[in-house]
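To start, the structure under review is shown below, and the notes come after it.
No value in this document is a laboratory result; all are computed from the given coordinates. These numbers were taken from a predicted model, which means no experiment stands behind them. As a convention, Cβ positions derive from the backbone with ideal geometry for all residues, glycine included, and neighbour counts pool all protein chains shown.
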Amino acid sequence: KNEVEQSPQNLTAQEGEFITINCSYSVGISALHWLQQHPGGGIVSLFMLSSGKKKHGRLIATINIQEKHSSLHITASHPRDSAVYICAEGGETSGSRLTFGEGTQLTVNP
Amino acid sequence: SQTIHQWPATLVQPVGSPLSLECTVEGTSNPNLYWYRQAAGRGLQLLFYSVGIGQISSEVPQNLSASRPQDRQFILSSKKLLLSDSGFYLCAWTRLAGTGELFFGEGSRLTVL
């Protein structure tokens with residue numbers, strides 16, 4: 001079974017800071033998802049990637065298949081970025097199941 | 001465009017009462033459907049997933065059940081709720097197993113008293 005670990009568990013930053021959230025997994029995957037959960041509970045998909053790097057606005061997601069590691073970066077962070085960020089993997093052997101990390105609670109202070 | 005709807009949004013139920021949460025997907029066919037639960041301060045836990053009508057896989061043994069009576073309808077049920085069933089329930093779908101983008105419903109917050 002694939003294990004997905006995120007770090008840090010909690011992160012507090014000042015507005016404008018560069019933020020990095022890390023995700024490690026133990027078994028080869030077919031896709032790695034980054035999700036954002038707002039205080040109300042709703043979850044939106046930020047990225048899905050299986051190699052390299054993707055960028056959307058101030059968000060950048062990278063993945064290193066050999067090291068089984070992915071990072072989510074936020075440039076010029078803003079208080080509205082405050083949310084829980086979750087990584088999830090769709091494993092090669094997991095069929096239709098997805099394995100989720102525990103999430104990283106990000107708080108960006110003005 | 002594809003959308004996913006989940007209801008009810010909030011539910012307060014006494015212990016021992018039944019439960020029915022419904023999820024429907026629009027704008028796509030043959031989606032993979034998932035039910036997740038998120039207990040307070042915890043990560044997402046997969047409860048059930050379905051790759052087709054009538055096909056349900058259970059991840060965690062418990063007093064919950066799921067059904068998929070139609071291609072784009074996924075229902076989470078319980079005959080008798082327990083206190084430990086309280087949590088935030090999320091329905092989600094992908095087009096392809098594990099490789100498609102995830103789309104989540106708005107969530108249903110269940111409090112069992």
Using Cα pairs under 8 angstrom and six or more residues apart, how large is the relative contact order of chain B, in percent? 36
Top of A:Thr62, A:Thr20, A:Thr12 by mean-square fluctuation, Gaussian network on chain A, Cα under 10 Å: A:Thr12
Partner chain coverage, peptide B:40-49 - average Cβ within 10 angstrom: 4
Filter the trypsin sites (Lys or Arg not before Pro) in segment A:11-108 to those in DSSP coil with at most 14 other Cβ atoms within 10 Å of their Cβ, and list the result. A:Arg58
How crowded by other chains is A:55-62, given as the mean number of beta carbons from other chains within 10 Å of each beta carbon? 0
Tell me, what is the percent relative contact order of chain A, built from C-alpha pairs under 8 Å that lie six or more residues apart? 37
Anchor A:Lys68: aspartates and glutamates whose Cα lies under 19 Å away (excluding residues fewer than 8 positions away in-chain): A:Glu3, A:Glu5, A:Glu89, A:Glu92, A:Glu102
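Please give the average number of partner chain Cβ atoms lying within 10 Å of the Cβ of each residue in A:38-45, rounded to a whole number.
On the way: counts 0, 0, 4, 10, 5, 12, 3, 7.
Across A:38-45, the average partner-chain Cβ count within 10 Å equals 5.
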